[in-house]
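The structure appears below as structure tokens.
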Amino acid sequence: MKINAPEISIKQENLSSFDNGVKSTCAIAQPDRYRHWASTPRDSYQISRGAGLSLSAASFETESLSVSHNKFNRILDFDSATGEVEVEAGIRLFSLHNFLVANGYFLPIQPGHGQISIGGCVAADIHGKNQLKDGNFLEQVISLKLFHPSHGILNLSRASNADLFFLTCGGYGLTGHILSVRLQTQVLPSQIVVTRAQRFPDIDSGLQLLNNEATKADFIHSWHDFSQTGKKYGSGMVFMSNFEAIDEHAGSPSKTRSVVPKSLGNRHRMPAANLVVNRFSISALNSAYKRINSTNMKGKRSDIADALFPIHHLQGYYYFLGSHGFHEYQILLSKDVAADYLKQLGAVAAELKIPITLASGKIFGGQQNLIRFSGEGVCFAVNFLRSTQANVLLEWLDSNLVLFGGKPNLIKDSRLPRQIAEACYPEIGEFRMKLRNFDSKRLFRSQMSERLGL
Amino acid sequence: MKSVVIGGTAGVGREIATALAVKGHSLLITGKDMEDVDACTMDLRLRYGVQVQGLAIDASNSTIFIRELGAAAANFGEINYLFLTIGASSEEDTGDLQIENAIAMLSSNFLATIMAIQIFRIYFSKSEPTGVIGFSSVAAIRGRKKNVIYAASKRALESYFESLELISQGTNLSAQIYRLGFIDTYQAYGQRLPFPKVNPKKVAKMIIGRLDAASGISYYPRYWQLIAIVVKIVPLQIFKKMNS
């Protein structure tokens, strides 16, 4: 379908998914007044674009108009007694965080980088630092305003348009443009977080430790060294963070440092990374990482911003992954099969000589429905560079994920085939049906939605 | 300090309002649509803890504009700075603009602007620094085939500021007007332009940093001053070819 939007300024831009797996020249509009929403096309495909940091090309498609929310980044309301805050969907996490912390509140469920937009968090129903304890982003959403060219502005909440509310939270932007979101924030217990690390010798003990500690920590994740072979494969550390008790350190800073992260893009990446990234370099880096983090064994005090947005200090990692791009494969497996799957993954990756640059786990809880990445089990992510051999590994990962009864995180993978998503998400058909019932023209389309047939 | 930003809900105006709020100014901001005005006033109040009043008025209708701005000015009281970041342009402004559209454009770019100055003149502080900051365009350098009324309005505005500078001599009121080059706003979005577009945030920072500068006309970016000289001295025959 040709983009027909004569009343709104448009430019062509080369866009790519954060993993550099999908690149397209797309039309983008950047409205800066509310009346511009009424000028968005009624009969052309379109999709909202927040920070443009999605790994899965969720904010663009060659035949869709990407509508940027960059100028809609304001705080619309705040109740200092209840902690309820209403913001425009384009506001970045770090900007909201700075405001909330100054007022004694915070959002417990946030992804690892502050440049991500609130609208993106709602659309992907992201998880935070301890999903088992906090749930997904949906838990924080009280209500939202959605604009669809055929329906106008709709107010959605659990009490009003509930079906559409749940379709939109975790609907990957396919129900319309999220204009604003009302969120329930939490009282910030302390501006300081104390992180303790505990080592484990192998994958089994690591997952066991992660599972045992998950209910006790405010934030928790495991880090694994997949460059090790034999019994040491998957050894690593569990990082457990808790808010510092108020009286623990009388000298706690009274003012939290405001966060202004460097922009996180995918344009400045190391050329020919595959010449540098190999089993030996990754092994050396992992050893260095373990050494550096050994100081955490006794407890390391850090600012809440550093705990919520750890990627601010790891942006060099993405440069290191190279201009050719990388794969992030994040899955949810039941606890009784997770270790087996990950051991087999290691064996296949070693056979294919693919260095795993990152391996990290979390514990999930709750119910899974529609196409949101949630439910009970072990959430595990691995990174590796793009290559011909990597495609072989991905085929193995996909087919075995189905066999092991796991789920891939749709927002983390720009190439995940439709049949794998369909095999892993039993309610994907229901999602499609509900979406078409609301929007018979299926106006909102992204590369991700087209690839997955949503 | 108290400041007024006419057209403070988008582009350079929004950035100026934000920069002023950061400095603790109490603000009156206006915009065409209530939704944008509400969003900006709430954001500035909540983030910076300053007093912000909002007013939705359409500068293309000078009669209503004058009446409603007059009432808001009386309510807001004494001020220090008045920023006039309103303006309108149209691709159809090539000499054949319909009369009502031409009047609206004239109002947005000239009439409403000078009326706002007239309204606020009696409210400028007598004891603290004060200033009127207007915005012209490089389009006003010389007559042209595109943006005909827009360019003429901006040139008229420059003339008004020259007069204002003379009138205000010996007082604490400065009258600054900026000839802006290409700014990265909604109006310029997607346009292929011969010179780079400047971030509105950068423009706002520069303007707020020069509030105590003398009256007069300034270019931003400054290299436009050189371009203006060239455009002015180019012989008419060559200029016609450049415009065709």
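The values are calculated or read from the model by the stated rules, or taken from the named source; none is laboratory data. These numbers were taken from a predicted model, which means no experiment stands behind them. Neighbour counts run over all protein chains shown; Cβ positions are idealised from the backbone, glycine included. The protein model used for the area step is the full one, side chains on, heavy atoms only, and it has no ligands, DNA or RNA in it. Shrake-Rupley method; radii C 1.70, N 1.55, O 1.52, S 1.80 Å.
What whole number of Å gives the distance from the Cα centroid of the stretch A:223-248 to the Cα centroid of the stretch A:32-82?
The stretch A:32-82 and the stretch A:223-248 have Cα centres separated by 37 Å.
If you take the beta carbon distance between A:GLU376 and A:GLU450 as r and set R0 to 35 Å, what does 1/(1 + (r/R0)^6) give as a FRET efficiency, to the nearest 0.05?
Calculated transfer efficiency: 0.70.
Accessible area lost on pairing A with B, both sides, 1.4 Å probe, Å² to nearest 100?
2000 Å²
About its Cα centre, how strong a charge dipole does chain A have in debye, to the nearest 20, once Lys and Arg get +1 and Asp and Glu get -1 at the Cβ?
That gives chain A a dipole magnitude of about 940 debye.
Have a look at B:SER127, B:SER215, B:SER159 and tell me which one the Gaussian network model of chain B (Cα, springs below 10 Å) gives the largest fluctuation.
B:SER127
How many partner chain Cβ atoms sit within 10 Å of a residue's Cβ in peptide A:94-103, on average, as a whole number?
1
Using a 1.4 angstrom probe on the protein heavy atoms only, line up A:TYR172, A:TYR45 by accessible area, largest first.
A:TYR45, A:TYR172
Round to a whole angstrom and tell me the spacing of the C-alpha centers of the stretch A:147-193 and the stretch B:159-198.
Here the answer is 41 Å between Cα centres.
Label the stretch A:141-251 by shape, choosing from rounded, prolate and oblate, from the square roots a ≥ b ≥ c of the eigenvalues of the Cα gyration tensor; if a/c is under 1.5 it is rounded, and otherwise prolate applies when a/b is larger than b/c, oblate when it is not.
Oblate shape, in that a/c is at least 1.5 and b/c is the bigger or equal ratio.
Which value, in Å² and to the nearest 10, is the accessible area of B:SER89 when all protein chains are kept and the probe is 1.4 Å?
Answer for B:SER89: close to 70 Å² accessible.
Treating the stretch A:75-188 as a set of equal point scatterers at the Cα positions, no solvent, please give the Debye-formula log₁₀ I(q)/I(0) at q = 0.15, 0.22 Å⁻¹.
-0.59, -1.27
Would you mind pulling out the separation of the Cα centroids of the stretch B:38-56 and the stretch B:78-154, in Å?
Cα centroid of the stretch B:38-56 versus Cα centroid of the stretch B:78-154: 24 Å apart.
Working with all protein chains in place, sort B:PHE83, A:PHE438 by solvent-accessible area computed with a 1.4 Å probe, largest first.
The ordering from most to least exposed comes out as A:PHE438, B:PHE83.
What relative contact order, as a whole-number percentage, does the stretch A:336-386 give when Cα pairs under 8 Å and 6 or more residues apart are counted?
Once normalised by length, the contact order is 35 percent.
Would you list the membrane-span-like helices of chain B, meaning whole DSSP H runs whose alpha-carbon atoms span at least 24 Å along their axis and whose mean Kyte-Doolittle value is at least 0.0?
Sorted by number, the helices that extend far enough and score high enough are B:148-167.
Dipole magnitude of the stretch A:75-188 about its Cα centre, charges +1 at Lys/Arg Cβ and -1 at Asp/Glu Cβ only, in debye to the nearest 20?
Dipole about the Cα centre, nearest 20: 180 debye.
Can you give me the three principal axis dimensions of the stretch A:281-320 from its C-alpha atoms, in Å, biggest first?
Result for the stretch A:281-320: principal-axis Cα extents of 31, 25, 8 Å.
What does the charge dipole of the stretch B:1-60 about its Cα centre add up to, to the nearest 20 debye, if the Cβ of each Lys and Arg holds +1 and the Cβ of each Asp and Glu holds -1?
340 debye
How large is ³J(HN,Hα) for each residue in the stretch A:278-291, as worked out from phi by the Karplus curve 6.51 cos²θ - 1.76 cosθ + 1.60 (θ = phi - 60°), to whole Hz, x for Gly and Pro?
For the stretch A:278-291, the Karplus-derived couplings read 8, 4, 6, 5, 5, 4, 5, 5, 5, 4, 5, 4, 4, 5 Hz, x marking Gly and Pro.
Taking each residue in A:25-36, count the Cβ atoms of any other chain within 10 Å of its Cβ, then average. What number comes out?
4
What's the carbon and sulfur percent of the stretch A:75-188's accessible surface, probe 1.4 angstrom, rounded to a whole number?
Taking all protein chains in place, the stretch A:75-188 shows 51 percent carbon and sulfur surface.
Excluding the sites themselves, what is the longest stretch of chain B that contains no GluC sites (Glu not before Pro) in a DSSP loop with at most 16 other C-beta atoms within 10 Å?
For GluC sites (Glu not before Pro) (loop position, at most 16 other Cβ atoms within 10 Å), the longest site-free span of chain B is B:93-244.
Using a Gaussian network for chain B with springs between C-alpha atoms less than 10 Å apart, which of these wobbles most: B:GLY143, B:GLY31, B:GLY131?
B:GLY143
From the gyration tensor of the Cα coordinates in the stretch B:106-222, what semi-axes in whole Å does the equivalent ellipsoid have, largest first, with each one equal to sqrt(5λ)?
The three semi-axes for the stretch B:106-222 are 26, 17, 12 Å.
For the stretch B:55-112, what are the per-bin percents of Cα-Cα distances with bins 10 Å wide, up to the bin holding the maximum?
Cα pair-distance distribution for the stretch B:55-112, in percent: 22, 45, 23, 9, 1.
Among B:ALA139, B:ALA151, B:ALA214, determine the one that fluctuates most according to a GNM of chain B built with springs between C-alpha atoms less than 10 Å apart.
Among B:ALA139, B:ALA151, B:ALA214, the largest mean-square fluctuation in the Gaussian network model of chain B belongs to B:ALA214.
Which whole-number percent gives the relative contact order of the stretch B:2-243, counting Cα pairs below 8 Å spaced six or more residues apart?
Reported as a whole number, the value is 18 percent.
Please state the shape class of the stretch A:388-427: rounded when a/c is under 1.5, otherwise prolate if a/b exceeds b/c and oblate if not, all from the C-alpha gyration tensor.
Judged from the Cα gyration tensor, the stretch A:388-427 comes out oblate (a/c at least 1.5, b/c at or above a/b).
Straight-line reach only, C-alpha to C-alpha below 17 angstrom: list the lysines that A:LYS335 could link to, leaving out same-chain residues fewer than 8 apart.
A:LYS133, A:LYS343, A:LYS362, A:LYS407
Pop out the ³J(HN,Hα) list for the stretch A:398-404 in order, Karplus 6.51 cos²θ - 1.76 cosθ + 1.60 with θ = phi - 60°, rounded to Hz; leave Gly and Pro as x.
Once θ is set to phi - 60°, the couplings for the stretch A:398-404 become 4, 5, 6, 4, 5, 4, 7 Hz.
Can you tell which of B:ALA140, B:GLY70, B:ILE6 lies farthest toward the positive end of the dipole of the stretch B:2-243, using +1 and -1 charges on the Cβ of basic and acidic side chains (Lys, Arg; Asp, Glu)?
Positive-most Cα among the choices belongs to B:ALA140.
For chain B, divide the Cα radius of gyration by the Kirkwood radius and give the resulting Rg/Rh value with two decimals.
Over the Cα atoms of chain B, Rg/Rh equals 0.96.
With a ≥ b ≥ c taken as the square roots of the eigenvalues of the C-alpha gyration tensor of chain A, please select rounded if a/c is under 1.5 and otherwise prolate if a/b is larger than b/c or oblate if it is not?
Taking the square roots of the gyration eigenvalues as a ≥ b ≥ c, chain A is oblate.
Below 8 Å, C-alpha to C-alpha, sequence gap of six or more: please give me the relative contact order for the stretch A:27-177 in percent.
Answer for the stretch A:27-177 is 19 percent.
Stokes-Einstein diffusion coefficient for the stretch B:1-116 at 25 °C in a medium of 0.890 mPa s, Rh from the Kirkwood formula over Cα pairs: what value in µm²/s?
Using the Kirkwood radius from Cα pairs, D works out to 170 µm²/s.
Would you pull out the residues with amide H under 5 Å of A:LYS300's amide H, same chain only if 5 or more places away, H placed 1.01 Å from N?
A:THR195, A:ARG196
Accessible area of B:ASP212, 1.4 Å probe, to the nearest 10 Å²?
We get 140 Å² for B:ASP212.
With a 1.4 Å probe and every protein chain left in place, tell me how much accessible area A:SER39 has, in Å² to the nearest 10.
Here the residue's solvent-accessible area equals roughly 30 Å².
Determine, for each peptide in B:2-9, A:98-105, the mean count of other beta carbons within 10 angstrom over its residues, then list the peptides with the highest first.
Ranking, from highest mean packing down: B:2-9, A:98-105.
Using a 10 Å cut-off on Cβ to Cβ distances, tally the other chain neighbours for every residue of A:66-75 and report the average as a whole number.
3
With a point put 7 Å past each Cα toward its Cβ, work out how far A:ARG158 is from A:HIS268 in nm, to one decimal.
Rounded to a tenth, the inter-label distance reads 4.3 nm.
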